[in-house]
């Protein structure tokens, strides 16, 4: 073949490809049983998509996760056990209220309630014996106490002297050191905290669906101030169902309402999740968009070591001489985290069209199902199978090819031309 | 059939299935109109995918949501109204600065500015009358005051006496109790806070796309210190567009710039979202990756009860006698939450291949469209329809079956064998 | 056509559509090579889906992102450099411990360690000269100082007088003002903080997969208290691998272990992410679900202006006269954010069925691949192509149409009726 003819051949091939078109060949069966069966299967698929996907699963609605703002306000007063002995050098505080016990005062989406504590008061810079619970700090003579050392989990820098009632190395730092004794858990937690009330204010929105749509967990129909000051959450009464004021015990009871469970959390501390779930249909009135409350424990209740939750925080003072003084509060308590979940949904024409479009794709399943039934289960199946599957056997390929070329209607002029070549 | 022959039959069937192959039959139409039409529809689909999906929607780029770190620093000084009367037993603080008004001092992704307050100072442990706003605490004689009771939203434990100017039950606790009077809102908020400035530092990264890619909302080209100390955000000037220093009023004005809107938020408090959105093409220089700022109110502005945002926090002192004293600040204010959104994108060969692959699947639509036009709208449609749909009518099934078995090229040896059975 | 006959025609068309059924026509090729090839391609696809999708990628398991609770506890003591001069009117604090340096005392998922500071002590309400670093506040005479002005980044309200050693406008506010001198960075950071230890407690769960499944990053098998008090994280020892106690330097070393890197972060502050990643198979024992630790710097290390991280917080006192006094601590430090990532997975029959279902859809690729090989690469390809593509050429459409109508078995009664019309 010369280059010119090759070029012409390539050109004509390209052009012919442009002018050709392949479309799948179908077998068109006119049979009441099979036709009806196919329509029924198609109807079942369309019915499933519309009934389940669009109506039940809200497939024609756009969805958006909830955007949420949570603020909390805790109130309560607790009276400490008179026999409680939980402090070193402290005044006696018989009564502590929410301002003392909620630390920090305001957190996003959570609050911590002190339910047990060990306070160390009036620490000043100075020297004092290290804790005897630090093995390396226990000494017999000054030789065991090299100066300038900071023990692991220690409280200051060694001076080099061995001192004190328990004979431990002397340190320089905030003195006296915290010496939490093991009777803490025997004293029991600050039990009055279980009656503390928390007002959980949760405002939600769906900015993409409708920027003006706002709902709160406080029913706006209860539009007098006295509602909030008087109500308390109660899942069993209409008045209380939507009141966002909980006692702490109420929240903990949602996890486990057995006797003593609150006390067990309060003694060593815990992390508790209060879940607010929303399911809002923006095509309906906002009054149908209401929250559901549930609770679960977030930290590991089975932890064998270092379980619970506690931390330390200081209070600084300056005494008459201008010297710095501090109290350190080691607080155990329940950290409540408010977790807001849910979604809003709103009708969208585009989403409806897309949902219906996917139906068309699924209609292919109808053909498969009908094929199985019509071709393999019906009496006339063998006949339809012959029509659907045009057999080309290996054994008589040559002869069939000849027959095909001679007798079939596929004997086209194009084909003849090719054979001439 | 004996078990042996059944086995043989099963075996031969399995083997024959292995050696068979079904492929859809196509009708190959050589027609300029139809061929060209098909190519045009295919071209439109490919063009749409490439033009819209790959070029416009960046379909050849991997995407990753922004990873963000936000820190804020607020500065400002406010002078309190001389006639302001907002405190019980407090010193007069005529001037409060950012250290006093930003509580807590540092929060991740947010900051709270005190814009109104009610302080109760020098509370000590002792006895004092309960608030008269607690209905149950109002009394005429000691008989109305059982001892040892803690009223709901009360401030201490009843002693059993009825006392005070307003004749309420006496309590033991932090005294005197907070007695916020209703003139608070009349006083107006701490209006100077509107001129407080906040520097919002936002550093973003896309660790999966490129771990060394870092951008800040502070333009690095402005690399002298004086830029930050002198600039202020201004969407209308090139200098100010990328300056991340806002006055609080400026942020609030992005929501609603009408007169008095800042004051309305400041009086009772609010939650405001400052949104920073990024759209970064990692295939281009980082200088094109710039933030956009917007703001919206996050809490419910239409709340009829318990609207706004406030909380209480204490300051502890120790007096000359070593007794504990505390101030309680009930602070109203605007909580600003910085919400960072957006994504980075970077060219990926795999993603490009996947995007092109989906094009092929969509080319099936071209066949459907061409079929509709070629088979139902063209003059020769009837002829093509005959070719595409091989009709098998119910009425003459028997006769056609015979014909098919006798004359068609589908008469295969396999079929003949089956009929012998 | 009359209206009645049109109606009848429409009715019969609708009915006939109900009783018809179209199914794709297939070419059934009996050829060992092609059949085997097709089965091999199908086997490869099924093998890929099962081997890669289901076994390797756990395609038969439901997945859920990790739900995590993190608490941290930092311990340590630091001795300040004796020559350190970092304060205005302050006592000398030679020793600071974790209670002083961790601010705030407890944060969710993060903690801040003070590594450098500038304290301004004993501020009282009064008058004092403004900072000379504020350009507008520098003055020569009282005329340069209009009264009642608050300078940008200023510290109080001008009184109208020009005063002080540096001759700046006098202000009324908290006095003396903070005057951080540039020697801060020369002093070096509080270097002992690098040996502070942090216990990171991370409890994870997968509430949707299994609400009772809980794992912590503290191995429960080490169930004696002494394990936690003695161990330290060490990726190279079995004992230390799962010990969740890190020194701060250890975390920073995970980013960059070069000498002086900790000091460079500590001097001006930084934000560091400690990542804990989990990959938990809920079908196996929880002891196989173990955390991996890594760290990276989250703020922009290349920032040329305003780099690092610092903030100010106050401490309030009341002096013997009942006047308010405050210290302001400007603290630089490293903010550690604990980021927990990962997922749990659990066998689900539904997921397995869905995964297998998608295999069937992908089997269509086998036909395409076999087609390409059988029709274009095999010797008999031309013959199969003729069978698969039933050619309809434009040139002899008319004659072929006639032939088709006369000789093919598709000549159905329906067709004949139509032609009569």
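The values are calculated or read from the model by the stated rules, or taken from the named source; none is laboratory data. Please read all numbers here as calculations on a predicted model, not as lab measurements. Here the Cβ is made from the backbone with ideal geometry for all residues, glycine too, and neighbour counts use every protein chain on show.
Quick look at the numbers
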{"read-out": "Single unsatisfied condition, residue B:391 versus (1) under 26 Å from residue A:360 (Cα atoms); (2) within 8 Å of chain A (Cβ to nearest Cβ); (3) in contact with a helix residue (DSSP H, G or I) (Cβ under 6 Å, 6 or more places away or on another chain)", "value": "(3)"}
{"read-out": "Which numbered condition residue A:127 misses (of (1) under 25 Å from the mean Cα position of the chain (by Cα); (2) surrounded by fewer than 20 Cβ atoms within 10 Å (Cβ to Cβ))", "value": "(1)"}
{"read-out": "Odd one out for residue A:306 among (1) assigned to a strand (DSSP E or B); (2) within 9 Å of another protein chain (Cβ to nearest Cβ); (3) in contact with a helix residue (DSSP H, G or I) (Cβ under 8 Å, 6 or more places away or on another chain)", "value": "(1)"}
{"read-out": "Test result for residue B:290, part of a strand (DSSP E or B) and modelled with pLDDT under 95", "value": "no"}
{"read-out": "Meets criteria (over 33 Å from the mean Cα position of the chain (by Cα) and either part of a loop (DSSP other than H, G, I, E, B) or surrounded by 15 or more Cβ atoms within 10 Å (Cβ to Cβ) (or both)) for residue B:68", "value": "no"}
{"read-out": "Hey, residue C:143 in contact with a strand residue (DSSP E or B) (Cβ under 9 Å, 6 or more places away or on another chain), away from chain A (no Cβ under 14 Å) and part of a helix (DSSP H, G or I) or not", "value": "yes"}
{"read-out": "Out of B:52, B:48, sole residue that is more than 14 Å from every other protein chain (Cβ to nearest Cβ), in contact with a helix residue (DSSP H, G or I) (Cβ under 9 Å, 6 or more places away or on another chain) and modelled with pLDDT of 85 or more", "value": "B:48"}
{"read-out": "Selection within the stretch B:153-166 - modelled with pLDDT under 90 and touching a strand residue (DSSP E or B) at 6+ places or on another chain (Cβ under 7 Å)", "value": "B:153, B:163, B:164, B:166"}
{"read-out": "Residues (buried (at least 19 other Cβ atoms within 10 Å of the Cβ) and within 14 Å of chain C (Cβ to nearest Cβ)) located in the stretch A:269-303", "value": "A:269, A:270, A:271, A:272, A:273, A:274, A:295, A:297, A:298, A:299, A:300"}
{"read-out": "Only one of B:45, B:49, B:29 that is more than 30 Å from residue B:199 (Cα to Cα), assigned by TED's automatic domain parsing to the domain that holds residue B:375, touching a residue at least 60 places away in the same chain (Cβ under 8 Å) and part of a strand (DSSP E or B)", "value": "B:29"}
{"read-out": "Residue A:264 vs. criteria at pLDDT 90 or above, within 25 Å of the chain's Cα centre (by Cα) and surrounded by fewer than 17 Cβ atoms within 10 Å (Cβ to Cβ)", "value": "no"}
{"read-out": "Hey, residue C:331 part of a strand (DSSP E or B), facing chain B (nearest Cβ under 10 Å) and either surrounded by 17 or more Cβ atoms within 10 Å (Cβ to Cβ) or out of contact with any helix residue (DSSP H, G or I) (no Cβ under 7 Å at 6 or more places or on another chain) (or both) or not", "value": "yes"}
{"read-out": "Candidates C:421, C:398, filtered to the one that is more than 11 Å from chain B (Cβ to nearest Cβ) and at pLDDT below 80", "value": "C:421"}
{"read-out": "Matching residues, the stretch C:95-116, being within 7 Å of chain A (Cβ to nearest Cβ) and part of a loop (DSSP other than H, G, I, E, B)", "value": "C:104, C:105, C:106, C:108"}
{"read-out": "Restricting the stretch B:236-245 to residues that are in contact (Cβ under 8 Å) with a residue 24 or more places away in the chain and in contact with a helix residue (DSSP H, G or I) (Cβ under 9 Å, 6 or more places away or on another chain), the residue that is surrounded by the most Cβ atoms within 10 Å (Cβ to Cβ)", "value": "B:244"}
{"read-out": "Residue within the stretch A:59-74 that is at pLDDT 90 or above, in contact with a helix residue (DSSP H, G or I) (Cβ under 9 Å, 6 or more places away or on another chain) and farther than 30 Å from residue A:351 by Cα present", "value": "yes"}
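For every residue, the table says whether it meets (1) within 27 Å of residue B:202 (Cβ to Cβ); (2) outside the structural domain of residue B:50 (by TED's automatic domain parsing); (3) surrounded by 15 or more Cβ atoms within 10 Å (Cβ to Cβ).
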site	(1), (2), (3)
B:339	yes, yes, yes
B:354	no, no, no
B:357	no, no, no
B:360	no, no, no
B:364	no, no, no
B:367	no, no, yes
B:370	no, no, yes
B:376	no, no, no
B:379	no, no, no
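So that you can scan it fast, the table gives a plain yes or no per residue for (1) at pLDDT 85 or above; (2) part of a helix (DSSP H, G or I); (3) surrounded by 13 or more Cβ atoms within 10 Å (Cβ to Cβ); (4) within 11 Å of chain C (Cβ to nearest Cβ):
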residue	(1), (2), (3), (4)
B:131	yes, no, yes, no
B:149	yes, no, yes, no
B:169	yes, no, yes, no
B:174	yes, no, yes, no
B:186	no, yes, no, no
B:208	yes, no, yes, no
B:211	yes, no, no, yes
B:232	yes, no, yes, yes
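Okay, residues lined up against (1) at pLDDT 90 or above; (2) touching a strand residue (DSSP E or B) at 6+ places or on another chain (Cβ under 8 Å):
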| position | (1), (2) |
| --- | --- |
| B:215 | yes, yes |
| B:227 | no, no |
| B:245 | yes, yes |
| B:249 | yes, no |
| B:252 | yes, yes |
